[in-house]
Amino acid sequence: METMVDSTVQLERSCFQEPRQHPIQIHQTRDRIRCGLVSANESRQIPVIDVSKLDHDDEQKKLHFACKDWGFFQIINHGVAGEVIEKMKTDAHEFFNLPLEEKMVCAQASKVLGASPHSDATALTLLFHANEVEGLQIKKDQKWVPVKPIPGAFTVNVGDVLEILSNGEYKSIEHRAVVDPEKERMSIASFHNQIMGTQIGPLPDLVKTKKALYRTIPVEEFRKMKLTSKQDGKFMIRKMKL
Ligand SMILES: O=C(O)CCC(=O)C(=O)O
Ligand SMILES: [Fe+2]
């Protein structure tokens, strides 16, 4: 049986009268929910990219292969100050300690999502583990691989849009969040998308000699399709495949 998160609150920046470029979700996973056995492959781990070394060929290659082979990686030495990270954690905890009515002021609250198996219909997702409890798992070679967050690191994943832009070279990987029977888990996801008025499709340079594997459509149409579709696994990739 799939495990599920019990409470996910989507904090679209529009709630705060700012542009909606990077919606943020805070996930809180508690113990009361349907909980099942997880057949996880503990022996493998997602790659770790050192952002401070990205001007070197070796680290760039590592990043390329991380996007190609895993679609998921952690970044360290990313330059986000420790105080900023601590503030994110305390804000997330304070937010979840608010009474329910106060959390639901967001006009987008009806679009709350869970973390059953899915790929992100974003370009890139940055995920921060706001406490030490694990729960994120990614699908690798038909097995669920648990992500072991490095303290202070961000987990990055290639979203459907990047898979499409790269004409399938980079992979948007299915993932899910499972519950810990003992402890509460909290994570903060920040979604990065293309701006309105642009197109989503394989980059022209990549399809000069190769066949395009996905359709090209305006961002607006992509978003509309995402909101009106049943959100199941890699549903946007299925819709965009040629
Ligand atoms: O809670 C997590 O770690 C996963 C969240 C997630 O997959 C998402 O928000 O798209
Ligand atoms: Fe996700």
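The values are calculated or read from the model by the stated rules, or taken from the named source; none is laboratory data. If you're wondering where the values come from, they're calculated on a predicted model, not measured in any experiment. Every residue, glycine as well, gets a Cβ built from its backbone with ideal geometry; the counts of neighbours run over all protein chains shown.
Points worth noting:
- Residues that are of a type in the set (V, I, T) and within 21 Å of Q137 (Cα to Cα), drawn from segment 63-91: I75, I76
- All strands (runs of 3 or more DSSP E) inside segment 128-178 with 3 or more residues being in contact (Cβ under 8 Å) with a residue 12 or more places away in the chain and either of a type in the set (S, T, Y) or within 13 Å of ligand 2 (Cβ to nearest atom) (or both): 136-140, 154-158, 175-177
- Close Cβ contacts (under 6 Å, 6 or more residues apart or on different chains) running from residues in segment 87-105 that are under 8 Å from A130 (Cα atoms) to residues that are among the polar types (S, T, N, Q) and at pLDDT 85 or above are absent.
- Meets criteria (modelled with pLDDT under 95 and within 27 Å of I85 (Cβ to Cβ)) for P181: no
- Each residue in segment 42-93 was checked for being farther than 28 Å from E184 by Cβ and part of a strand (DSSP E or B), and 2 pass.
- Residue match in segment 223-230 (condition: within 16 Å of ligand 2 (Cβ to nearest atom), touching a residue at least 12 places away in the same chain (Cβ under 8 Å) and closer than 30 Å to D50 by Cβ): no
- Residue under evaluation L206, criteria (1) more than 16 Å from ligand 2 (Cβ to nearest atom); (2) among the hydrophobic types (A, V, I, L, M, F, W, C); (3) touching a Pro at 6+ places or on another chain (Cβ under 6 Å), criterion not met: (3)
- Residue match in segment 97-110 (condition: part of a strand (DSSP E or B) and either modelled with pLDDT of 95 or more or of a type in the set (A, V, I, L, M) (or both)): no
- Members of segment 213-235 found to be farther than 14 Å from Q194 by Cβ, more than 17 Å from the chain's Cα centre (by Cα) and in a loop (DSSP other than H, G, I, E, B), listed by number: L213, R215, S229, K230
- Condition met for P19 (within 24 Å of G159 (Cα to Cα) and at pLDDT below 90): yes
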